[in-house]
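Reviewing the structure listed below.
Any read-out appearing in this document is the output of simple, stated calculations on the displayed coordinates, not a laboratory observation. Note that the coordinates shown come from a computational prediction; the quantities given were computed from them, not determined experimentally. Here the Cβ positions follow ideal geometry from the backbone for every residue, glycine too, while neighbour counts run over all protein chains shown.
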Amino acid sequence: MKRRVWRLLAAVSLLALGAHAATRPRYGGTMRIETRASLVSYDPAVTPSFDAADALRDRIAELVFDRLVTIDASGRPQPALATSWQADPDQRRWIFELRSGVLLHDGNPLPARLIAAALSAVHPNWRVTVQSSGNNESLAIISPDPQPNLPAELACAQNSIVARDSAGALTGSGPFRMQDWQPGRKATLVANSDYWGGRPFLQSIEITMGRSFRDQALDYRLERVDIIEVSPELARRGAQEGEHVDISAAVDVLGIFFPDANTPHLRQALSLALDRSAIQAVILQRQGEAAGGLLPRWMSGYAFLFPQKAVLDRARQERASSESTNVTLAFDANDPLQRAIADRVAVNARDAGLTVQTFPESSNAHAPATAARLGTIHLQSVSTSVALSAVAEQLGRSDKQQPGATPEAQYAAERALLQESRFVPVVSLGEAYAVAPRLRGWQLRRDGEWSLADVWIQEAP
């Protein structure tokens, strides 16, 4: 009897060891991703295009390029190329101690002067200088205005440290290097064995661009791809059908861009005519958020102060003060969600006495230059002040001064930006992905960033 018990225990132990070995992280393998966006350039300094390409550019930048600071899952700044930092009392002068021994993807050391040059190019109003003390180097950043949130701002994609050669080729020091770049079609990244943070488990990542939601879903079912995008209104259904679907918090603001700044009454009339709550409930199947403002509820805490339901009496008053009551609204012909929202905008506008003519824009059909357009603002930070400052810059505001730290000051700044800009927010959306079972360690952060440091592939037995 005892012998039989010991054999049973031994068998259980072997099974446990086998299960442990099957789930132990391993190096190697290629992770395959498909996206709708088609990037012409993965340079993080490229002007935003206000579509899905902006988010994809940021995701690739996170893999290829380093920044002085990163943001953790709780929104707190963490060391990266900078190991520590401190500011003067007025917060105009910051000192960042630099990490030593960092190598670029070409094998050369990353010089401090390159970091200074990269940041100076993005922020010409900053004075960025290198300071040396023995073998240690630090970076001094001096701004004409107080920068209380500078570490969080330096974690934004636009502040990636990019080395550029005379031919325009880009080099970074991130966990992956770009092996093959086919603009608008495909990107192949391979692991950086010399990465200062440790070599990733994955050997390579293949990103295929320009794939519709339908094509992505088909490839996923055929197990040709590991990660695909899921349209927000279909995300819940995918999860209910047993798929592993991850959805971030609302990080993309879809709205209407007006080409002419001299249309304040027309913009306000259309904004007041929109029933955003109905759009979010019906078209988005309660995914995302109705967006009367620029920042989502989880980030600002005061989003409810911006109107989300139609206020038709005020909309008609604004319409009466407008020189025009007609709007041509262009949308991406390849995006079913944009088509549905454009149609709903036209219906809402009619109730306020406005005429909205929708225009499906594609590669061979371009809307008139005078047309308004549905587009997306991708939020670059989990910090309210930094995100709002970045949105202001994307919308054409040249000043870089960040809003105050209090919710009241931030609300006032956001409200003023809405009144001055040519953008009418409609809904805020999260990023949704279906993830193949063979991927282990995958995490989608709340802000939509891909956490790939611990991702590995479990091959089929």
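Find, among the GluC sites (Glu not before Pro) in segment 301-378, those assigned to loop by DSSP (not H, G, I, E, B) with at most 11 other beta-carbon atoms within 10 angstrom.
E323
Would you compute, from DSSP H runs of 4+ residues alone, the mean residue ellipticity of the chain at 222 nm, taking -39500 (n - 2.57) per run and dividing by the full residue count, rounded to the nearest 500?
Dividing the helical sum by the residues of the chain leaves -9000 deg cm²/dmol.
Given that just one value was derived from the coordinates, which of [x] 47; [y] 35; [z] 27 is percent of Cα pairs over 36 Å apart?
Evaluating percent of Cα pairs over 36 Å apart on these atoms matches [y].
Suppose a student asked you for the relative contact order of the chain, using Cα pairs under 8 Å spaced at least 6 residues apart; what percent would you report?
Once normalised by length, the contact order is 20 percent.
Just subtract the alpha-carbon distance of Q317 and D260 from 0.36 nm times their residue separation and send over the number in nm, one decimal.
18.5 nm
How high is the relative contact order of segment 252-429, in percent, counting Cα pairs under 8 Å that sit 6 or more residues apart?
Answer for segment 252-429 is 37 percent.
With +1 assigned to the C-beta of every Lys and Arg and -1 to the C-beta of every Asp and Glu, and no other charges, what is the dipole magnitude of segment 66-171 about the Cα centre in debye, to the nearest 20?
Dipole size: approximately 80 debye.
Among P403, A303, H366, whose Cα projects farthest towards the positive end of the dipole of the chain, with charges put on the beta-carbon of Lys, Arg (+1) and Asp, Glu (-1)?
With unit charges placed on the Cβ atoms, the residue in question is A303.
How do 74-87, 196-209 rank on mean C-beta neighbours within 10 Å, highest first?
Descending packing order for the listed peptides: 196-209, 74-87.
For the pair A73 and E393, how long in nm is the line joining their label points, each one 7 Å along Cα→Cβ?
2.9
Simple spin-label model, 7 Å along Cα-to-Cβ: L218 to H366 in nm?
Here the answer is 3.0 nm between the modelled labels.
Work out how much length S84 to L103 would gain on full extension: take 0.36 nm times their residue separation and subtract the Cα-Cα distance, in nm to one decimal.
4.9 nm
Please identify the helices of the chain, taking whole runs of DSSP H, that span at least 27 Å along their own axis as judged from the Cα atoms and have a mean Kyte-Doolittle score of 0.0 or higher.
Those that pass (Cα extent of 27 Å or more, hydropathy at least 0.0) are 2-22.
Between I142 and A167, what is the label-point separation in nm under the 7 Å Cα-to-beta-carbon projection?
3.9
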